[in-house]
């Protein structure tokens, strides 16, 4: 609502200035900036331009106007929160100013001091603590935020991350479940639940992965994790079917091809597996594990020369890959006649 009111005020100012035809051709940001030049202490206009720049990811420009808002009205908790939010996003960038995290905390602390009923500031402080591995402090802030407003799926999820890092899996699972209960279309909550039960080897992981895929059938990570789970419990048919679903979305998913090759090796189908590893190599020419595994297939099938080529290629890409180094040494020792 504030954005509409602010922009209406810009149009009104332009209309009062004489209604020149070229004003209709000016962009929104130009109109707002012209209005600010005429009324530089108008925090509504400054906030409007900050939001405009924020939407375009021009965070430094947004920060300039928000800091102006704080200077004009230092007792406005929303301004402090908005400044903290921008500093937090800027702190994630490579080579970010080391002062940004402390500025985030300072503005959020001030925002809470001015309005202790704003759940956003508590939640963002929790996220800041989480980013710096202060998990117990993060949980305290998340809880404080949820006491003010329970229906925050992201805050429940972030608290689940914190519990997960502390090794408190049951608490983490409860948080992720709370997240999807609050918002049944919150895909990330289902993904996290799938991963939690995946590690436990519990087949309910597939239920949660499927819930996530109902919301986003093209989610490659979840398609891959589902296939990987079936592979981990040696349900080869289900795993192959799941990898096929993954490759319908992205045929060049190299790890998917590699894992299919592994399954076919487990089934003794080395000729099929060698083709799978070839697909993995086609998708990623630097996939040294795939060269090694294809070499293993060729060696098993009696194609010694090609096995040697693949082992050497794996070593060429990664000289420290001991499996290929040892395999090549053994191959050459056993088959000296091929190296004459």
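Remarks
- Segment 161-187: number of residues that are in contact (Cβ under 8 Å) with a residue 24 or more places away in the chain, part of a loop (DSSP other than H, G, I, E, B) and more than 18 Å from residue 135 (Cα to Cα): 3
- Any hit, segment 320-327, residues being under 18 Å from residue 224 (Cβ atoms), at pLDDT 95 or above and not in a loop (DSSP other than H, G, I, E, B): no
- Of the criteria (1) surrounded by 15 or more Cβ atoms within 10 Å (Cβ to Cβ); (2) over 30 Å from residue 218 (Cα atoms); (3) over 36 Å from the mean Cα position of the chain (by Cα), which one residue 326 fails: (1)
- Among residues of segment 35-63 that are at negative phi, those with a beta-carbon under 8 Å from a residue that is in a loop (DSSP other than H, G, I, E, B) at least six positions away or on a different chain give the pairs 35/42; 36/42; 43/73; 43/76; 45/39.
- Restricting attention to segment 206-236 and to residues that are under 19 Å from the mean Cα position of the chain (by Cα) and assigned to a loop (DSSP other than H, G, I, E, B), the residue that is surrounded by the most Cβ atoms within 10 Å (Cβ to Cβ) turns out to be 219.
- Candidates in segment 90-111 are the residues that are in contact (Cβ under 8 Å) with a residue 24 or more places away in the chain and more than 19 Å from the chain's Cα centre (by Cα); of these, the one that is nearest to residue 77 (Cα to Cα) is 111.
- Counting only residues that are within 25 Å of the chain's Cα centre (by Cα) and in a helix (DSSP H, G or I), segment 50-60 holds 7 of them.
- Per the conditions (1) under 23 Å from residue 209 (Cβ atoms); (2) surrounded by fewer than 18 Cβ atoms within 10 Å (Cβ to Cβ); (3) within 26 Å of the chain's Cα centre (by Cα), the sole criterion not satisfied by residue 284 is (1).
- Test result for residue 291, closer than 27 Å to residue 235 by Cα and either surrounded by 24 or more Cβ atoms within 10 Å (Cβ to Cβ) or without any contact (Cβ under 8 Å) to a residue 60 or more places away in the chain (or both): yes
The values are calculated or read from the model by the stated rules, or taken from the named source; none is laboratory data. Note that this is a predicted model, so its numbers are computed, not measured. Glycine gets a Cβ as well: all are built from the backbone with ideal geometry, and neighbour counts include every protein chain shown.
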